[in-house]
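Here is the structure we will look at.
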Amino acid sequence: MGGNNGNKHSHQEFKINAADEKGHIERLQLRVPPQMFSKMQRVVNSKLWPFENYQELVRHSIMRELNWLESDNPDVGNLTAQVASINLMMNEEKEYQTMQDTYEKMQAVFQRNLAIGGDQARSRNLKLVSDVWGTICKIDDEFWRDVWKQKFRKEYEKVLDAAPDMGLGELEDGEDGWG
């Protein structure tokens, strides 16, 4: 569901979880030459790829190498299918929970603004709705994007209906508009 961490690559393409679906992990410690570590630092710090830390870079690199080894010699068996399946499931769950947390925070702020009342509070709620709608429209997975859009439309129908009258008409007409 998440974004792309400010670069052209989806974080989901690069994110390899550290744990399986039960939370199990294996620790790995390795030594690398200073030159390799320097290159790793440049990659992570460049923000050209969505690596949040060195561990993500190493897990991603290992997974790519396992995929290559698997394709190079099919006799070795399927090295990556289970890891890929677990990773997909874990990423989807994490992204769903992140969106759920965002949604719940938005609801609390929205209700607080309603209690305050007035034009400024209504304006803040419209901005809030617009911002969260934009977040929903950026969800990578089409299924979850549609689920969140439907939920959002259902719960905020009155705000969405008022949006064109409040200067948010351009959102309604866009590719990822309200309707």
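The values are calculated or read from the model by the stated rules, or taken from the named source; none is laboratory data. A quick note: this is a predicted structure, and the numbers were derived from the prediction, not measured. FYI the Cβ positions are ideal-geometry reconstructions off the backbone, even for glycines, and counts take in every protein chain you see. Accessible surface is based on the protein model in full, side chains and every heavy atom, while ligands, DNA and RNA are left aside. Shrake-Rupley method; radii C 1.70, N 1.55, O 1.52, S 1.80 Å.
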Protein chains only, probe 1.4 Å: how do 133, 68, 144 rank by accessible area, largest first? 68, 144, 133
Expressed in angstrom, Rg and Dmax over the Cα atoms of segment 42-114 are 18.6, 64
FRET efficiency for residue 39 and residue 119, using Cβ-Cβ distance with R0 set to 45 Å, rounded to 0.05: 0.25
Under a point spin-label approximation (7 Å from Cα along Cα-to-Cβ), what is the residue 62-residue 22 distance to one decimal in nm? 1.9
Compute, for residue 15, the solvent-accessible surface of its heavy atoms (probe 1.4 Å) with the complete set of protein chains present, and express it in square angstrom to the nearest 10. 20
Hey, what do the phi angles of segment 44-59 turn into as Karplus ³J(HN,Hα) couplings, whole Hz, using 6.51/-1.76/1.60 and θ = phi - 60°, x for Gly and Pro? 5, 6, 5, 6, 6, 10, x, 8, 8, 7, 5, 4, 5, 4, 5, 4
Run the quick spin-label model on residue 85 and residue 71: label points 7 Å from Cα toward the beta carbon, then report their separation in nm to one decimal. 2.2
What residues of segment 118-136 lie in the reach of a label at residue 147, counting those whose backbone N is under 18 Å from a point 7 Å from the Cα along Cα→Cβ? 133, 135-136
Solvent-accessible area of residue 71, probe 1.4 Å, all protein chains present, reported in Å² to the nearest ten, please. 80
